[in-house]
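The block underneath contains the structure these notes are about, expressed in structure tokens.
The values are calculated or read from the model by the stated rules, or taken from the named source; none is laboratory data. Computed from a predicted model, the values in this text were never measured in an experiment. Note that we place each Cβ from the backbone using ideal geometry, even for glycine, and neighbour counts take in every protein chain shown. Just so you know, the surface numbers come from the protein's heavy atoms only, side chains and all, with ligands and any DNA or RNA stripped out. Shrake-Rupley method; radii C 1.70, N 1.55, O 1.52, S 1.80 Å.
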Amino acid sequence: MKKLLMPLALLAALCGQTTTAATPPKPCGATPTNQQVDWLRMEWYAFVHFSLNTYTNKEWGYGDESPQLFNPTQFDADPIIRTFRDAGMTGMIYTAKHHDGWCAWPTKSTKHNITQSPWKNGKGDVVKEFAAACKKYGIKFGTYLSPWDRNCGEYGKKGYLNVYYKQITELLTNYGPIFEIWFDGANGGDGYYGGAREHRNIGKADDYYDFARVVKLIRRLQPDCIIWGAASRGDVTWGGSEKGHVKYPCWNLINKDTPQEKWLSLEGDTPINHAGWFWHPGQETRVKTPEHLMQVYLDSVGRGANLILNVAPNREGRLDPADVESLLTFGENRRRLLATDYALGAAATASEVRGNDPQFGADRLTDGDIESYWCPNDGTTTGSLEITLQKPTTFDVVRLREQIRLGQRVTGFKLEARVNGQWQVIDDAGQTIGNQVMRKLAAPVTADAVRLTITGSRACPCISELSLLRMPVQMPKPEISREDNKLLITPQEGMTIHYTTDGSNPGPNSPVFTGEARLDKAPTHPVKAVYVDAEGNVSSVTSVLFGINRSGWSCEGPGKESIDGDPSTIWEAAKAPASITIDMQEPFFINAFSYLPRQDGSVQDMTDRFICEVSLHGKKWTTVAEGEFSNLRANPIELTEQFKTRKARYIRFTGTRSVEGKGVSAAEIKVYAAPAPKQDKKKD
Ligand code: FUL
């Protein structure tokens with residue numbers, strides 16, 4: 001390398017520039033470990049929630065679920081991991097134990113584990129099978145081990161800690177290299193706790209679990225393992241929402257600009273399906289689109305964090321085909337986005353080069369080497385770089401990288417492009433860069449030069465890459481909604497819409513949607529639609545299951561905000577328990593309702609325990625569902641509760657507890673129709 005640089009240095013000297021072999025800048029603030037750098041370069045990987053909750057339609061088990069429930073008839077880790085590999089994912093993290101305490105490996109720490117399950121006659125080990133498949137497909141394996149254990153009688157007491165440390169030790173000893181271990185932030189609350197069925201508070205998680213000790217233990221067992229959480233004692237922390245986005249500007253630092261500054265990378269986490277982290281019946285109508293996933297990717301990886309995307313196996317132990325389709329389409333779009341860097345090899349100049357040493361020259365940005373970097377002299381915290389392309393080139397994403405081994409420095413930047421000989425600003429809102437930032441432009445730009453201006457930096461900026469990328473054209477997916485009983489599907493120029501309402505998958509031979517279709521008042525199948533373009537290309541399927549049409553419904557007493565179709569209006573009651581009694585005006589066969597918690601960002605009075613009763617005439621009431629809406633603080637999504645089919649005109653929703661506060665609330669309540677039971681059909 002040095003040998004190569006000599007002639008350049010000589011040339012610069014001959015051209016009258018003073019060239020000294022400049023020394024690299026000193027690190028600025030906290031720097032990442034090699035493990036943290038390697039981890040950031042993994043970009044995105046899978047999360048797999050697969051446990052007893054898969055069988056109970058719950059997001060959090062209480063801890064009293066029977067291990068007998070776990071019996072996937074078709075589980076095979078191989079196709080699951082192959083799918084992740086095919087999508088371009090670099091690893092996967094499996095929930096070896098979720099909050100319900102059931103362990104998916106034959107642990108010696110508790111009886112509440114897979115040896116008590118019928119799957120493989122109690123001889124199975126899901127952790128082992130996932131670890132082996134990851135090895136086979138060359139992606140990394142990691143594990144999630146919930147600190148909160150709603151099953152263990154010792155939870156909240158000292159005795160639990162040995163159980164927990166033992167579980168960590170087993171997982172980090174018996175399954176090969178673990179690239180990341182997750183310590184969830186949900187801790188303490190009510191649970192089964194060995195039969196006590198009570199509320200247990202653990203105080204400060206850092207003190208109770210003794211995370212300092214946990215970190216030491218992990219470092220001893222697997223020094224390369226990235227630790228998520230552990231009260232910021234680890235290497236990585238939560239991105240801040242379960243939508244996958246991390247906020248921008250994005251700093252991989254805590255206690256920034258203080259002597260306690262520490263490098264702590266961010267991980268955005270989100271499920272691929274709106275239904276939640278675990279598999280839920282009917283979730284094929286709630287899968288996130290590839291376009292949505294691309295946005296999440298840009299808002300996490302493209303802001304300098306990593307993305308962990310959950311894809312949950314179903315009760316058979318297979319991935320849901322709708323999830324897989326979206327995952328693979330997004331994976332392909334990502335691959336196409338990153339396939340060509342139009343700036344690669346382009347000539348570059350800079351306002352200043354450190355010691356005039358070509359080692360730190362502007363062309364380091366376009367040499368395709370993520371380790372080399374441009375850098376000005378110490379004390380210079382602003383500057384500009386110009387990249388000249390050989391011909392006008394169209395791009396709409398600009399990717400920048402800092403040499404983060406020297407710390408995260410840049411606080412502001414601006415991008416300009418030369419279009420038809422005129423410089424124009426294409427992005428003036430750049431702040432942090434970090435490992436990488438992907439700036440999606442408002443519209444594609446065709447330019448023959450690009451200028452990057454660093455407007456602020458904590459020390460001399462060290463920029464390792466500037467790439468020009470092009471977002472692939474993504475085939476749109478129809479959007480389906482309804483207005484009263486009228487079905488609406490968004491038209492798309494040059495494409496026809498084909499749809500079904502009987503649950504079957506639509507194709508070019510299905511009925512054409514002309515804008516005049518009616519929807520059943522109480523549909524029992526999802527509406528599905530595709531676009532077909534002039535060449536016969538077919539888009540992905542959009543599938544939506546509508547609840548019973550609520551127009552004309554009323555509430556006996558308060559609650560109308562929960563049936564008005566407007567999530568921004570909220571029914572609120574100051575004191576729990578409080579109920580909404582809905583009159584559907586006529587009887588229906590029903591088998592599910594959904595609850596959308598308040599969406600205004602507050603968890604105050606957000607109902608998280610409920611009772612649901614139904615009645616045919618409004619006199620005799622039957623309780624059809626009762627329980628907990630879990631994980632609402634982190635993920636306030638619409639949750640669906642299913643029950644045995646009933647004929648009812650009235651439905652009463654009672655909030656009995658909330659995440660915070662004494663009251664209860666609901667943004668929306670929907671009710672779902674069921675097919676008429678056989679004997680009733682006969683009567684009709
Ligand atoms: C949350 C948990 O409570 C959820 O159930 C899920 O595991 C998610 C990844 O983290 O905090």
Taking the range 131-151 and keeping residues open to solvent by 20 Å² or more (accessible area, probe 1.4 Å) and farther than 30 Å from ALA87 by Cβ leaves ASN151
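Please go through the range 81-114 and give me each residue that is more than 25 Å from the chain's Cα centre (by Cα) and either under 21 Å from ALA186 (Cα atoms) or surrounded by 18 or more Cβ atoms within 10 Å (Cβ to Cβ) (or both), ordered by number.
TRP105, THR107, SER109, THR110, HIS112, ASN113, ILE114, listed by residue number.
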Being farther than 21 Å from ASN57 by Cα, touching a helix residue (DSSP H, G or I) at 6+ places or on another chain (Cβ under 9 Å) and away from the ligand (no atom under 16 Å from the Cβ) narrows it down to one of ASN252, ASN306, so name that one.
ASN252
Looking across the range 17-58 at residues that are over 26 Å from ALA131 (Cβ atoms) and among the hydrophobic types (A, V, I, L, M, F, W, C), the single one that is most open to solvent (accessible area, probe 1.4 Å) is ALA21
Taking the condition of being in contact with a strand residue (DSSP E or B) (Cβ under 7 Å, 6 or more places away or on another chain) and either crowded, with 23+ Cβ neighbours inside 10 Å or not assigned by TED's automatic domain parsing to the domain that holds ARG458 (or both), how many residues in the range 362-375 meet it?
6
Hits in the range 381-403 - residues which are in a loop (DSSP other than H, G, I, E, B), open to solvent by less than 30 Å² (accessible area, probe 1.4 Å) and farther than 28 Å from ASP38 by Cα:
none
Qualifying residues in the range 620-634 (those that are farther than 12 Å from ASP608 by Cα and not aliphatic (A, V, I, L, M)) - the one surrounded by the fewest Cβ atoms within 10 Å (Cβ to Cβ):
LYS620
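Condition test on ALA322, is it closer than 17 Å to ASP86 by Cβ and in contact with an Asp or Glu (Cβ under 6 Å, 6 or more places away or on another chain)?
Answer is yes for this residue.
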Residue hits (the range 379-405; closer than 18 Å to ALA459 by Cα and out of contact with any Lys or Arg (no Cβ under 8 Å at 6 or more places or on another chain)) are GLY379, THR380, THR382, GLY383, ARG401, GLN403, ILE404, ARG405
Only listed residue being assigned to a loop (DSSP other than H, G, I, E, B), of a type in the set (A, V, I, L, M) and either open to solvent by 10 Å² or more (accessible area, probe 1.4 Å) or more than 16 Å from the ligand (Cβ to nearest atom) (or both), chosen from LEU344, LEU328:
LEU344
Taking the range 219-259 and the residues there that are of a type in the set (Val, Ile, Thr) and within 21 Å of the chain's Cα centre (by Cα), the one that is nearest to CYS28 (Cα to Cα) would be VAL236
Please enumerate the residues belonging to the range 172-199 that are under 30 Å from MET89 (Cα atoms) and within 16 Å of the ligand (Cβ to nearest atom).
GLU180, ILE181, TRP182, PHE183, ASP184, GLY185, ALA186, ASN187
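Does TYR155 satisfy being crowded, with 17+ Cβ neighbours inside 10 Å, within 16 Å of the ligand (Cβ to nearest atom) and either aliphatic (A, V, I, L, M) or over 30 Å from ALA592 (Cβ atoms) (or both)?
Here the answer is yes, as TYR155 does meet what is asked.
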Can we say PRO506 is in contact with a Lys or Arg (Cβ under 8 Å, 6 or more places away or on another chain), in a loop (DSSP other than H, G, I, E, B), open to solvent by less than 20 Å² (accessible area, probe 1.4 Å) and more than 30 Å from ARG518 (Cα to Cα)?
no
Evaluate the following for ALA676: is it closer than 22 Å to ILE548 by Cβ and outside any strand (DSSP E or B)?
yes
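Surrounded by fewer than 24 Cβ atoms within 10 Å (Cβ to Cβ) and either touching a residue at least 40 places away in the same chain (Cβ under 8 Å) or within 15 Å of the ligand (Cβ to nearest atom) (or both): does that describe ARG335?
When the stated conditions are applied, ARG335 passes them.
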Wholly within the range 516-625, which strands (runs of 3 or more DSSP E) include no fewer than the required count, namely at least 3 residues that are modelled with pLDDT of 95 or more?
527-533, 571-573, 578-596, 607-615
Suppose we filter the range 615-642 for residues that are away from the ligand (no atom under 15 Å from the Cβ), closer than 18 Å to GLU668 by Cβ and aliphatic (A, V, I, L, M); how many remain?
1
Being among the basic types (Lys, Arg) and part of a strand (DSSP E or B) is the filter; apply it to the range 404-433 and report the residue that is nearest to the chain's Cα centre (by Cα).
LYS414
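For every residue, the table says whether it meets (1) out of contact with any strand residue (DSSP E or B) (no Cβ under 7 Å at 6 or more places or on another chain); (2) under 22 Å from GLY547 (Cβ atoms).
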{"site": "GLY601", "(1), (2)": "yes, no"}
{"site": "GLN604", "(1), (2)": "no, no"}
{"site": "LEU616", "(1), (2)": "no, yes"}
{"site": "THR622", "(1), (2)": "no, yes"}
{"site": "GLU626", "(1), (2)": "no, yes"}
{"site": "SER630", "(1), (2)": "yes, yes"}
{"site": "ALA634", "(1), (2)": "yes, no"}
{"site": "GLU638", "(1), (2)": "no, yes"}
{"site": "GLN642", "(1), (2)": "no, yes"}
Might you let me know whether the range 658-667 holds any residue that is more than 16 Å from the ligand (Cβ to nearest atom), under 27 Å from THR285 (Cα atoms) and surrounded by fewer than 17 Cβ atoms within 10 Å (Cβ to Cβ)?
no
Of the numbered conditions (1) hydrophobic (A, V, I, L, M, F, W, C); (2) touching a residue at least 60 places away in the same chain (Cβ under 8 Å); (3) crowded, with 21+ Cβ neighbours inside 10 Å, VAL527 fails exactly one; give the number of that condition.
(2)
